[in-house]
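J.: Submitted below is the structure of interest, expressed as structure tokens.
The values are calculated or read from the model by the stated rules, or taken from the named source; none is laboratory data. What you are looking at is a predicted structure, and each value in this text was computed from that prediction instead of being measured. Cβ atoms come from the backbone with ideal geometry, glycine included; neighbour counts cover every protein chain shown.
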Amino acid sequence: MGPLLFSTIEVTRQAFYRSSLTYAIVNLKPIVPGHVLVCPTRPVPRLADLNDSELSSLMLSVRRVGAVIERAYGADSLTIACQDGKAAGQSVPHVHFHLLPRKFKGDRFSDKNDEVYPALERNEKSLPAQLEGSQRSSEPLKVDADEDRKPRSTEEMEEEARWLRSFFDEEQT
């Protein structure tokens, strides 16, 4: 299979799941451990731009990846979000779903569950700069310096992607 593009940015090295029409990647700056993105292979800006096969494959991949993420991170449930268009907060013009494993206790947002949504919006706004920078250097980026979440190096993302890929390899055996 060829390289994966998230809009115009190559993300092949951080991918851990691929189907014929979709892929999943680890996040440079996860909001909670296990925060990943699921995307259609064809870079289109809106859900309405997907054909029926792509949309079906995307939703099946969200479900399949979500089940693995929930198990891998010992979560009780998932937050699944899609900002469909610029007015909705989408900053990268490529359809993508955020999957966040959630826990009743020990989750950053356990006490104030709805605070996850503004955090997602802040994450989405800084995503283009984060992704562009991750392609130029393996060093963590200096973005959102006032937040506790630190961008990860390419090596850290590749390590998590390898680990998550192993869960899908187990399904094959």
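J.: What single numbered condition from (1) crowded, with 19+ Cβ neighbours inside 10 Å; (2) in contact (Cβ under 8 Å) with a residue 60 or more places away in the chain; (3) farther than 22 Å from GLU155 by Cα fails to hold for LEU78?
T.: (2)
J.: Another question, if that's okay. Here is a check on your reading of the model: is LEU37 free of Cβ contacts under 8 Å to residues at least 40 places away in the same chain and either buried (at least 20 other Cβ atoms within 10 Å of the Cβ) or not basic (Lys, Arg) (or both)? Don't jump to the end; show me each part of the working.
T.: On the way: free of Cβ contacts under 8 Å to residues at least 40 places away in the same chain: no; either buried (at least 20 other Cβ atoms within 10 Å of the Cβ) or not basic (Lys, Arg) (or both): yes.
Spelling it out, it is not the case that LEU37 is free of Cβ contacts under 8 Å to residues at least 40 places away in the same chain and either buried (at least 20 other Cβ atoms within 10 Å of the Cβ) or not basic (Lys, Arg) (or both).
J.: Pairs please, first residue from the stretch 152-173 and within 15 Å of LEU4 (Cβ to Cβ), second anywhere and charged (D, E, K, R), Cβ atoms under 6 Å, 6+ apart in sequence or on different chains.
T.: Short answer, once both residue conditions are applied: GLU158/ARG13.
J.: Looking only at the stretch 90-141, filter to residues that are part of a loop (DSSP other than H, G, I, E, B), at pLDDT 70 or above and of a type in the set (D, E, K, R); which one of those is nearest to LEU55 (Cα to Cα)? Step through it out loud before you land on a result.
T.: Step one: of the stretch 90-141, the residues part of a loop (DSSP other than H, G, I, E, B) are 90-96, 103-112, 137-141.
Okay, now just the ones that are also at pLDDT 70 or above, so 90-96, 103-109, 112.
Narrowing further to those that are of a type in the set (D, E, K, R): 103, 105, 107-108, 112.
Numbers: LYS103: 28, LYS105: 34, ASP107: 30, ARG108: 31, LYS112: 32 Å.
The selected residue is LYS103.
J.: Taking the stretch 23-50 as the region of interest, how many residues are more than 19 Å from THR8 (Cβ to Cβ) and more than 15 Å from the chain's Cα centre (by Cα)?
T.: 2
J.: Working only within the stretch 16-26, note down all residues that are touching a residue at least 40 places away in the same chain (Cβ under 8 Å) and crowded, with 23+ Cβ neighbours inside 10 Å.
T.: PHE16, ALA24, ILE25, VAL26
J.: Only one of (1) among the small types (Gly, Ala, Ser); (2) in contact (Cβ under 8 Å) with a residue 24 or more places away in the chain; (3) surrounded by fewer than 13 Cβ atoms within 10 Å (Cβ to Cβ) is not met by GLY106, so which one is it?
T.: Only one criterion is unmet by GLY106, namely (2).
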